[in-house]
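The values are calculated or read from the model by the stated rules, or taken from the named source; none is laboratory data. Computed from a predicted model, the values in this text were never measured in an experiment. Backbone-built Cβ (ideal geometry, glycine too); neighbour counts: all protein chains shown.
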Amino acid sequence: MTVQGDDWRPAASLERLRARAALLASVRAFFSARGVLEVETPVLGRFGVSEPHLHSVSVTSVFDGEGFLQTSPEYHMKRLLAAGSGPIYQIARVFRGDEQGGRHNPEFSLLEWYRPGFGMEQLMEEVADLVVGVLGCERPSVRDCRELYRTLADVDPWEDGDAELVEAASEFSGVVQEQISRGDALDLLMSFCIEPALAEQGPVFVVNYPPEQAALARRDLHQGYTVARRFELYVQGLELCNGYQELADAKEQRERFAEDNRLRQSLERRPMEADSRLIAALSHGLPECSGVALGLDRLLMLLVGASSISEVLAFPADRA
Amino acid sequence: MASYSTNEFRGGLKVMLDGDPCVILENEFVKPGKGQAFNRVKLRNLNTNRVWERTFKSGESLEAADVMDLDMEYVYSDGEFWHFMKTDGSFEQFAADEKAVGDCVKWLKEQEVYSVTLYNGAPLNVSPPNFVELEVVDTDPGLKGDTAQGGSKPATLSTGAVVNVPLFIEVGELLRVDTRKNEYVARAKG
């Protein structure tokens, strides 16, 4: 480990650290005024996340051998919801291995909240209230995911076969076709084609994702085709939050864990044991609800006009 | 040979890509929240000097290029090759061809130290120090007393390089020259 002369100093200016403190205070005031309860759940849990593209940081010498730093407080918060907590929010420190760059730090602050009885659209309104209140930007427009793929990338994830998607993704990104799976193609087109185009528009909600990108969202019929009831908010092309009308079905949740692990295996990533306590909570009954996770560091980047996440962190990974 | 994974990519790292040695200039991490991560990488091909932009799936790796930069003293030219000698006391010599020497040829002065990039043990590139001191071999006669006035004239140096110099500079003088800008800096105290 080489330590350079100035490494001990914070990366963010004092002014930005003050802006962070003010942002945290205004978020707490926002939820307090709406009667949403602040909660804290474990940062270190017995189970990691099964999602194929998230890497839970493993910790040894805890529990009976291994635990995981949480990639989001989702599983624990859903257990609170199932136990009858009502609307809850959390400002959580979360950890994602192998994520570092201009918009990523392996440890970051996630604002996550759940609204029993809210549909996806109602929660989007609340997200807009919060973000517009903080940034003073215009209210986000809403764009259908399918329409964006069609108009910007000239593909249709609901109609096209793997070959068409892979070809288009390869063209936009320069990655050779042999290395691109169907899922990669959708991600590449989002990152290299759709996101840059959204950067030139005002704030935009992207809604109704392809069913294979549901993660923990419900799948529903929409205008005659199946979509994941999932939304994301982009501001200046920066992915700010990810929300779901939540999957409440324990059986389907168990199947998705298995599905995730099959994909993990094909990617040569370690399988993650299904969180049996989450399954038990869903079996007990999760209220119909919508939930969203918002990257607070990125919201702060937009607020202060920072171009890199390290400019808003006291000590980003390379100074931690 | 060792290899480097995308999360080890840093500016300055030397890797092999499509059979050519390259140096990494920039590495941008791109990842949709729930999706596959990619690295958008800018590299300079050390053979052609062209800049490439490539996207890799995160976690992929590239073979390390057997490339190193060494300080070497310029010894002589035999007309076809330019010969350099290590400064570590080993007296080991390397012959650089015209392609490797490139533009640096106009700054080559015996006993001066240059940075020689070796690829698989052979010179791939030679770079001059930022400043060299060279003698003027040809320029118009100096204007006596004109030391403050602006104005300049071309002067040919002992290595063949031509730089613009102030009007008072005369043949035989030793000049300090900035090789990056091809610019006269000052009279050298020789």
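So here's what we get for this one:
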{"quantity": "All strands (runs of 3 or more DSSP E) inside region B:15-133 with 2 or more residues being more than 30 Å from B:Asp178 (Cβ to Cβ)", "calculated": "B:20-30, B:38-45, B:51-57, B:61-63"}
{"quantity": "Residue match in region A:132-151 (condition: over 29 Å from A:Leu188 (Cα atoms), away from chain B (no Cβ under 14 Å) and charged (D, E, K, R))", "calculated": "no"}
{"quantity": "Of all residues making up region A:165-187, the number that are at the interface with chain B (Cβ under 7 Å from one of its Cβ atoms) and of a type in the set (A, V, I, L, M)", "calculated": "1"}
{"quantity": "Every residue from region A:152-164 that is surrounded by fewer than 16 Cβ atoms within 10 Å (Cβ to Cβ) and either within 12 Å of chain B (Cβ to nearest Cβ) or hydrophobic (A, V, I, L, M, F, W, C) (or both)", "calculated": "A:Trp158, A:Ala163"}
{"quantity": "Subset of region A:80-100 [within 14 Å of chain B (Cβ to nearest Cβ) and of a type in the set (D, E, K, R)]", "calculated": "A:Arg96, A:Asp98, A:Glu99"}
{"quantity": "Filter pass, A:Asp249 being acidic (Asp, Glu), on the phi < 0 side of the Ramachandran plot and free of Cβ contacts under 8 Å to residues at least 40 places away in the same chain", "calculated": "yes"}
{"quantity": "The one condition in (1) under 18 Å from the mean Cα position of the chain (by Cα); (2) at pLDDT below 95 that B:Val75 fails to fulfil", "calculated": "(2)"}
{"quantity": "Residue check, A:Ala281 touching a helix residue (DSSP H, G or I) at 6+ places or on another chain (Cβ under 9 Å), hydrophobic (A, V, I, L, M, F, W, C) and crowded, with 20+ Cβ neighbours inside 10 Å", "calculated": "yes"}
{"quantity": "So A:Arg264, is it surrounded by 15 or more Cβ atoms within 10 Å (Cβ to Cβ) and touching a helix residue (DSSP H, G or I) at 6+ places or on another chain (Cβ under 7 Å)", "calculated": "no"}
{"quantity": "Residues that are outside any strand (DSSP E or B), at positive phi and either surrounded by fewer than 22 Cβ atoms within 10 Å (Cβ to Cβ) or touching a Cys at 6+ places or on another chain (Cβ under 7 Å) (or both), drawn from region A:196-235", "calculated": "A:Gln223, A:Gly224"}
{"quantity": "Pair list, Cβ < 9 Å and 6+ apart or interchain, from region A:101-114 residues that are at the interface with chain B (Cβ under 10 Å from one of its Cβ atoms) to residues that are aliphatic (A, V, I, L, M) and surrounded by fewer than 19 Cβ atoms within 10 Å (Cβ to Cβ)", "calculated": "A:Arg103/A:Leu238"}
{"quantity": "Restricting region B:27-77 to residues that are β-branched (Val, Ile, Thr) and more than 30 Å from A:Tyr209 (Cβ to Cβ), the residue that is surrounded by the fewest Cβ atoms within 10 Å (Cβ to Cβ)", "calculated": "B:Thr48"}
{"quantity": "Which listed residue is in contact with a helix residue (DSSP H, G or I) (Cβ under 7 Å, 6 or more places away or on another chain), under 30 Å from A:Asn105 (Cα atoms) and either of a type outside the set (S, T, N, Q) or more than 14 Å from every other protein chain (Cβ to nearest Cβ) (or both), from B:Lys57, B:Lys31", "calculated": "B:Lys57"}
{"quantity": "Residue match in region A:104-125 (condition: more than 20 Å from the chain's Cα centre (by Cα) and in a helix (DSSP H, G or I))", "calculated": "no"}
{"quantity": "Members of region A:200-225 found to be in contact (Cβ under 8 Å) with a residue 60 or more places away in the chain and either of a type in the set (Lys, Arg) or more than 13 Å from every other protein chain (Cβ to nearest Cβ) (or both), listed by number", "calculated": "A:Gln201, A:Gly202, A:Pro203, A:Val204, A:Phe205, A:Val207, A:Asn208, A:Tyr225"}
{"quantity": "All positions within region B:34-47 that are free of Cβ contacts under 8 Å to residues at least 60 places away in the same chain and either of a type in the set (A, V, I, L, M, F, W, C) or more than 11 Å from chain A (Cβ to nearest Cβ) (or both)", "calculated": "B:Ala37, B:Phe38, B:Val41, B:Lys42, B:Leu43, B:Arg44, B:Asn45"}
{"quantity": "Of all residues making up region B:78-103, the number that are polar (S, T, N, Q) and at pLDDT below 95", "calculated": "2"}
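Table: residues versus (1) part of a loop (DSSP other than H, G, I, E, B); (2) surrounded by fewer than 20 Cβ atoms within 10 Å (Cβ to Cβ); (3) free of Cβ contacts under 8 Å to residues at least 12 places away in the same chain.
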residue: A:Leu17; (1), (2), (3): no, yes, no
residue: A:Phe30; (1), (2), (3): no, yes, no
residue: A:Gly48; (1), (2), (3): yes, no, no
residue: A:Val59; (1), (2), (3): no, yes, no
residue: A:Thr71; (1), (2), (3): yes, no, no
residue: A:Leu80; (1), (2), (3): no, yes, no
residue: A:Gln90; (1), (2), (3): no, no, no
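A quick yes/no check of all residues on (1) farther than 30 Å from A:Val131 by Cα; (2) modelled with pLDDT of 95 or more; (3) acidic (Asp, Glu):
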{"position": "A:Glu246", "(1), (2), (3)": "no, yes, yes"}
{"position": "A:Ala281", "(1), (2), (3)": "yes, yes, no"}
{"position": "A:Leu286", "(1), (2), (3)": "no, yes, no"}
{"position": "A:Leu302", "(1), (2), (3)": "no, yes, no"}
{"position": "A:Ala306", "(1), (2), (3)": "no, yes, no"}
